[in-house]
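**Q** This is the structure, below, for whatever I ask next.
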Amino acid sequence: MAALLLDVVLLVLFGTALSSCVNYPLSTSGQASAVGTIVSAGYGFVCGAYMPISNFSGGLQKVISLLPGSCGTSLLHNHAMRGVVEEMGRAGFPAEVVEAIRDSVDCNLYFFGSSVSRSAMYLVLIAATVLILGLYVAMNALWGKKRR
């Protein structure tokens, strides 16, 4: 449960940082709302939040695997389905079948054919969040005084 909560907190921080950068140049809340809706729906779609990454073509899967949101989505799937996966193992499902199911719902994330560990997923998500927050701070430092 704690891991699932951590995943949600990290994804909220990442999303907030990303939307802050995207909405920075906009001047009204209506613009921010419209752009935020479009960006979040598009990003959610390509990072596997709405449709498993495994349903995309091989080339698109490689591109999608580069996105930090894909790591966050995979972490959420891993922690939310942990009990189900354990129960399948206890019920005698073959390991290959369990692994194929995990692949089909993006519990396992692959980066150019290599499996990505959970710790690497956390590292990517945290690093991207810090990088985007740094970008937002820089935008405010460079252009913040001009906007006032």
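The values are calculated or read from the model by the stated rules, or taken from the named source; none is laboratory data. Bear in mind the structure is a predicted one, so any value in this text is a computation, not a measurement. For neighbour counting, all protein chains shown are included, and Cβ atoms are generated from backbone atoms with ideal geometry for every residue, glycine included. The accessibility values were calculated without ligands, DNA or RNA, using every heavy atom of the protein model including side chains. Shrake-Rupley method; radii C 1.70, N 1.55, O 1.52, S 1.80 Å.
**Q** Which residue pairs have Cβ atoms under 6 Å apart, sit 6 or more places apart or on different chains, and have a first residue in region 4-21 that is closer than 9 Å to G72 by Cβ and a second that is of a type in the set (A, V, I, L, M)?
**A** D7/L75; D7/L76; L10/L125
**Q** Next question. State which residue is nearest to L6 (Cα to Cα) when the search covers only region 62-101 and only residues that are among the basic types (K, R) and modelled with pLDDT under 90.
**A** R82
**Q** Can you pull out the residues in region 101-119 that are without any contact (Cβ under 8 Å) to a residue 40 or more places away in the chain and surrounded by 13 or more Cβ atoms within 10 Å (Cβ to Cβ)?
**A** I101, R102, C107, N108
**Q** Being at pLDDT 90 or above and not in a loop (DSSP other than H, G, I, E, B) narrows it down to one residue among G44, G59, G15; which is it?
**A** G15
**Q** Provide a single number: the residues in region 21-48 that are in contact with a Leu (Cβ under 8 Å, 6 or more places away or on another chain) and closer than 21 Å to V130 by Cβ.
**A** Residues that pass the stated criteria total 4.
**Q** Residues that are open to solvent by 50 Å² or more (accessible area, probe 1.4 Å), without any contact (Cβ under 8 Å) to a residue 12 or more places away in the chain and polar (S, T, N, Q): does region 51-70 have at least one?
**A** Yes, region 51-70 contains a residue that is open to solvent by 50 Å² or more (accessible area, probe 1.4 Å), without any contact (Cβ under 8 Å) to a residue 12 or more places away in the chain and polar (S, T, N, Q).
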